[in-house]
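To keep things clear, I will list the structure first and then write my remarks on it.
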Amino acid sequence: MEKWIERQKHIIDFTLSSLLRRKGKNAALLVVYTLVVFMLASVVFFVQAIKREASVILKDSPDMIVQRMSAGRHELIPASYLDPILSIRGVSAARSRLWGYYYDPVAGANYTLMVPEDPGPPAGTILIGQGVSRVRLAHEGDTLEFRSHDGTLIDLEVKGTISRESELVSSDLILVSEEDFRRIFGTPVGFATDFAVRVKNPRELSTVAVKAAGLLPDTRQILKDEIFRTYDAVFSWRGGMMLVILCGALLAFIILAWDKASGLSSEERREIGILKAIGWETSDVLLMKFWEGMAISFSSLLAGVILAYAHVFFTSAVLFEAALKGWSVLYPEFRVTPFIDFSQLVILFFLAVVPYTVATIIPSWRAATVDPDSVMR
Amino acid sequence: MRKSSLFLLFLAAGITLLVLMFVHASVQMKGGAASLQAKADLVGQLGLTDLCLFTEASYTRHLSQADLHTPFQNGPVSLEHFPSGSLVMPPAAIRKINGKVD
């Protein structure tokens, strides 16, 4: 065993010396390779963590949302629509939700105004999300001005802010009383934005939805499962930006592999010839090339993955921030809980290390099986 | 020190950091369980349906509630003028309706 280890160490010594002879080219390769792995791993880590966070956070969202549609658009729903829904066997609860968007010209941001179920804030007061607090520099005791549907200005006092931990779901939220909501938007009494429905048995949900659609033909039903699937597909590989990143990474790998697979340089070829001439076996040459592949690709994998982890979970994916913010004025400041599993590493390994190592070994094997005399000429 | 020893040390350090990464993730997941539950409670209490990831447009703020009249209506790969539209897929319900043109 000791002899085997010593043999490997000698070959590694030789391989590293050989790599160091072309240190400029190999250093550039190492840096680019690390960057490609870093980019891919950052995307994989971030997307998985967000998906998992969404699945945990949204598990208590309503089982079904019922919205009234008119001329292809979402319309206010009459409160009288609640009774047919409550009459469906299997429905345990249904309540109307009042929520809407408010564009704030002062900050240039969109807020989500919502009326919570009791106990909500008393009339004349609001609770605001951390994002709203940041863009308006508003804190407890301050007053925010809202322009209502008829142009009158309404002053509402900030009674408090929603916790910082929940920013991923509440950053742009403003919780108002029902009275103030109706004053701002002019929503008539007896109408709501939509209904949130709870169903006793989740397996009956699709049946309940079909019955609701039959009873109220001008409504659409959004099932919890659809909400989950929406967030499961968020940042999917088919989404534009993700496809661009993946294509970029894939092309980079193809260029690297092609560069290696298209043949060895005459210097590398001569080196193999000399090694064979002084008594190296073909297997020794292949072992050397294996360690060369490992030195470049495995080192890049290690560095890329560790840097990506730090990037996503310690700096909240700061490099993706500009892309994620888009044109949003109000953006949540959140740190996703690290969620990684072994399969992600295996995928990155097979994507980064295996193709490069194979592409390094095959042309070397071809060169190593040729007569040393002809290779050296 | 031999080059091979330095290289093997580097590999060992890298693999150790990789293992520590999993340990850190596991500790953070356990520690963050309360915070995640607090968020889930708020979602349940207010009846929320979406994450506040993109606030630039109504249909990206409440992605699962997006309407058919939003820019996604023409097809899941239609041109989209808000940058976040290039990061997320249209909601499942709309993809289902537009499945034939996808």
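FYI, it's all coordinate maths here, none of it is from the lab. Quick caveat: nothing in here was measured; it's all calculated off a predicted structure. Quick reminder, even Gly has a Cβ in these numbers, built from the backbone with ideal geometry, and neighbours come from all protein chains shown.
The table that follows gives values for the structure above.
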quantity: Longest segment of chain A lacking GluC sites (Glu not before Pro) that sit in a DSSP loop with at most 14 other Cβ atoms within 10 Å; calculated: A:141-280
quantity: Spatial separation of Cα centroids for region A:63-95 and region A:176-229, in angstrom; calculated: 4
quantity: Kirkwood estimate for the protein assembly as shown, i.e. one over the average of 1/r between Cα atoms, Å; calculated: 25.9
quantity: Shape of region B:3-46, Cα gyration tensor, a/c cut at 1.5; calculated: prolate
quantity: Prolate/oblate/rounded label for region A:98-251 (Cα gyration tensor, a/c 1.5); calculated: oblate
quantity: Gyration tensor (alpha-carbon) shape descriptor, region A:50-111, a/c threshold 1.5; calculated: oblate
quantity: Entries of A:Lys3/A:Lys289; A:Lys224/B:Lys39; A:Lys51/A:Lys211; A:Lys25/A:Lys325; A:Lys59/B:Lys30 with Cα pairs more than 27 Å apart; calculated: A:Lys51/A:Lys211; A:Lys25/A:Lys325
quantity: Exposed chymotrypsin sites (Phe, Trp or Tyr not before Pro) absent - longest run of chain A, DSSP non-H/G/I/E/B, at most 14 other C-beta within 10 Å; calculated: A:1-236
